[in-house]
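First comes the structure, then the notes that go with it.
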Amino acid sequence: MTIAIAVDIGASSGRLVAASFTGQQLEMNELHRFDNAFMEKDGHDYWDIDALFQEILIGLKKAKAAGIHTCTLGIDTWGVDYALLDSSGERLHDVYAYRDDRTHGAADRLHRSLVSRDFVYAKTGIQELSFNTLYQLYVHDRQQLDQANRILLVPDYLYYGLTGKMINEATNASTTQLLNLQTREFDSDLLNALGLKREQFAELTQPGSRLGGLKAELAATGDYPECSVVVVPTHDTASAVVGVPAKADRSWAYISSGTWSLLGAELSEPLNGEEARKANYTNEWGAYGTFRFLKNIMGLWMIQEVRRENGESHTFAELAEWAEREDAFRSLVPCNDERFLNPPSMTEEIIAFCRDSGQPVPDTPGRLARCIFDSLALTYLDAMRELERLTGQKYEVLHIVGGGSNNRLLSRLTADLLGIEVWTGPSEATAIGNIAVQLIADGSLRDIAQARQVIADSFPPNICRPSPVADRHDLAERWQRITQLTLKET
Ligand code: LFR
């Protein structure tokens, strides 16, 4: 039986999961789990990329100890962040975390002086997020950029560490905002604008390709299983979308719910016109030639931060339980405002917004959690309406996958506001999507349609049916007033 191992690293945690496929069902086993967070050093935020690489090796050792001798292996992480390597393959710098504030104002400066917003969107179809690789490279140290022989995104860099081979995987490369939708390659005008050359990147590589085994020095230790390394959709959101247990006979949209909530639909052609640009919808590349037409919504980051600031003295389940007992829609915040991207204190930022906008101040952990969940659900409603308008589709089902799909209150609020069924789970959709692509690559599964069928059979979603919302009109008016106070989106 084939064993497939997914390395799946998000902004707050990482894991190695082993899956076996019986021909009907997927069985998953968590081999190793670890925390992840960016850390401040000399006024900047960085990831500890070397520690993450070591965690992968620890997980692979555990796999071997658990009796896994051969396997396929794929890696996914969050998008946009990168490492510059010199001509001997050594990293030239610590890897910046995308929430670092060095890109503040960079988009405006770049668009004013080099290339306009419309021009970039027409070419790439990628939404403007202050931390896109385009803007990060724009403010990166010039000397290091000139020295860079290769520019790899984080999962590319981890693949390089394991195999010695350098690629730029396509789904994640699309989050750089440097790929051209027409030519399906890095865009030469945008590279010129940044003073970069095509040769500084590696070959754009599609999910499903193979990279061979672990590099000799790792294989020689005998500590790890014999791995056949497969290129999966290395952008975690792209793997998560593969992992959606969607049925082909119902129109569906999704939220990949984790640190971010990525709300969107799977399209076969990009939508990069003026309307989509104004709504800040993106066309990230998906597996098998699809497009992830979606929007970034601030997501569980807000509650993760509130919990962290509270000394992690409450579990997420407790916070959700207390939130459930609070009055609905009492205090609301515009989640996507840039002020919530990386404030010195999330708790203070939420309190300040509520106070300044004349709303009751959420003064307990339960009220803060309630404010966040209510506001997220309302943001989902707006994003869904935009999605329907832009795609000209009505969606019958909204799938919520990822860690946030365990949050029953948020799923129920979302179903009630949208007035459609919300199907929740699997919570490990990202690792499952990563594994599904490995199984398709080795011929165990035929295609993505069969993969989704198997995923639905193996991890049946919970169905959340909508109930009517009280005082809807009044709520809509209050929410509109709150979102109009928004200064700037991320
Ligand atoms: C989710 C995610 C989002 C991306 C953000 C930053 O983990 O990958 O898709 O916009 O993180 O990379």
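A short reminder: the numbers here are calculations on the coordinates, not readings from a lab. Quick caveat: nothing in here was measured; it's all calculated off a predicted structure. Note: ideal-geometry Cβ built from the backbone for every residue, glycine included; neighbour counts use all protein chains shown.
Which FRET efficiency value, to the nearest 0.05, do you get for D474 and S88 by plugging their Cβ-Cβ distance into 1/(1 + (r/R0)^6) with R0 = 45 Å?
FRET efficiency, D474 to S88: 0.10.
Take the alpha carbon atoms of region 213-249, find their center, do the same for region 89-147, and report the distance between the two centers in whole angstrom.
The distance from the Cα centre of region 213-249 to that of region 89-147 comes to 28 Å.
If a/c stays under 1.5 just call it rounded; otherwise compare a/b with b/c (prolate if a/b is bigger, oblate if not). Do that for region 76-142, with a ≥ b ≥ c from the square roots of the Cα gyration tensor eigenvalues.
prolate
Where the centre of each part is set by its Cα atoms, how far does region 374-435 sit from region 278-329, in angstrom?
Each part reduced to its Cα centre gives a spacing of 11 Å.
Read phi for every residue in region 255-261 and hand back ³J(HN,Hα) as whole Hz from Karplus 6.51 cos²θ - 1.76 cosθ + 1.60, θ = phi - 60°, with x for Gly and Pro.
Taking θ as phi minus 60°, the curve returns 10, 8, 10, x, 3, 9, 10 Hz for region 255-261.
Residue farthest toward the positive end of the dipole of region 17-131, with Cβ of Lys/Arg at +1 and Asp/Glu at -1: which of G89, G67, H111?
Projecting each Cα onto the dipole axis, the largest value belongs to G67.
Spelling out what I want: for every residue of region 171-185, take phi, set θ = phi - 60°, compute 6.51 cos²θ - 1.76 cosθ + 1.60 (Karplus), and round to whole Hz; glycine and proline get x.
4, 6, 4, 5, 6, 5, 6, 10, 8, 9, 5, 7, 7, 6, 9
Bin by bin, in steps of 5 Å, what percent of the Cα pairs in region 356-490 do you find, going until the bin that has the longest distance?
2, 9, 14, 17, 17, 16, 10, 7, 5, 3, 1, 0
Can you give me the long-range amide H partners of V95? Hydrogens built in the peptide plane at 1.01 Å from N, cutoff under 5 Å, separation of 5 or more residues or another chain.
Under 5 Å from the amide H of V95 lie the amide H atoms of W47, I49, each far enough along the sequence or on another chain.
About the Cα centre, and with charges only on the beta carbon of Lys, Arg (+1) and Asp, Glu (-1), how big is the dipole of region 322-388? Nearest 20 debye, please.
That gives region 322-388 a dipole magnitude of about 200 debye.
For region 441-467 and region 159-211, what is the centre-to-centre distance using only Cα atoms, to the nearest Å?
30
Points 7 angstrom from Cα along the Cβ direction at E388 and F316: gap in nanometres?
My value for the distance between the label points is 2.8 nm.
If you filter region 35-82 for chymotrypsin sites (Phe, Trp or Tyr not before Pro), then keep DSSP loop positions with at most 14 other Cβ within 10 Å, what is left?
Those that pass, being in a loop and sparsely packed, number zero.
Work out the length of the dipole vector of region 367-465 about its Cα centre, built from +1 on the beta-carbon of each Lys and Arg and -1 on the beta-carbon of each Asp and Glu, and round it to the nearest 20 debye.
It works out to roughly 300 debye.
Only four residue types carry charge here, +1 at the Cβ of Lys and Arg and -1 at the Cβ of Asp and Glu. Report the dipole size of region 184-339 about the Cα centre in Debye, rounded to the nearest 20.
Here the size comes out at about 280 debye.
Within region 416-484, list the trypsin sites (Lys or Arg not before Pro) lying in a DSSP loop whose Cβ has at most 12 other Cβ atoms in a 10 Å radius.
Answer by residue number: R446.
Taking 25 Å as R0, compute the FRET efficiency from the Cβ-Cβ separation of Q143 and E338 and round it to 0.05.
That gives a FRET efficiency of 0.25.
In µm²/s, what is D for region 100-192 at 20 °C and 1.002 mPa s, where D = kT/(6 pi eta Rh) by Stokes-Einstein and Rh is the Kirkwood radius from Cα pairs?
Reported coefficient: 152 µm²/s.
So in the chain, what percent of DSSP beta bridges are antiparallel if you round to the nearest 5?
Approximately 70 percent, going by the DSSP bridge assignments.
222 nm [θ] for the chain, helices only, -39500 (n - 2.57) per DSSP H run of 4+, per residue, to 500?
Roughly -11000 deg cm²/dmol at 222 nm, from the helical runs in the chain.
In straight Cα distance, which aspartates and glutamates are under 13 Å from K295, not counting same-chain residues fewer than 8 positions off?
Within the straight-line cut-off, K295 pairs with E128, E266, E284, D382, E386, E388, E489.
Considering every pair of different Cα atoms, what Kirkwood radius, in Å, is found for region 203-350?
19.0
Roughly speaking, what is the stretch gain from T70 to L267, that is 0.36 nm per residue apart minus the C-alpha to C-alpha distance, in nm to one decimal?
67.4 nm
Please report the projected area of region 226-300's Cα convex hull averaged over all directions, in nm².
Mean orientational projected area (region 226-300, Cα hull): 6.5 nm².
Figure the gain on full extension for M39 and K62 (residue separation times 0.36 nm, minus the Cα-Cα span) and round it to one decimal in nm.
5.6 nm
When we measure straight from the Cα of K61, which lysines land under 25 angstrom away, once same-chain ones fewer than 8 places off are left out?
In chain and number order, the partners are K165, K215.
Could you tell me what a quarter of the Cα convex hull surface of region 1-135 works out to, in nm² with one decimal place?
11.7
Could you tell me how many cubic angstrom of Cα convex hull volume the chain has per residue?
Convex hull of Cα atoms, per residue: 140 Å³.
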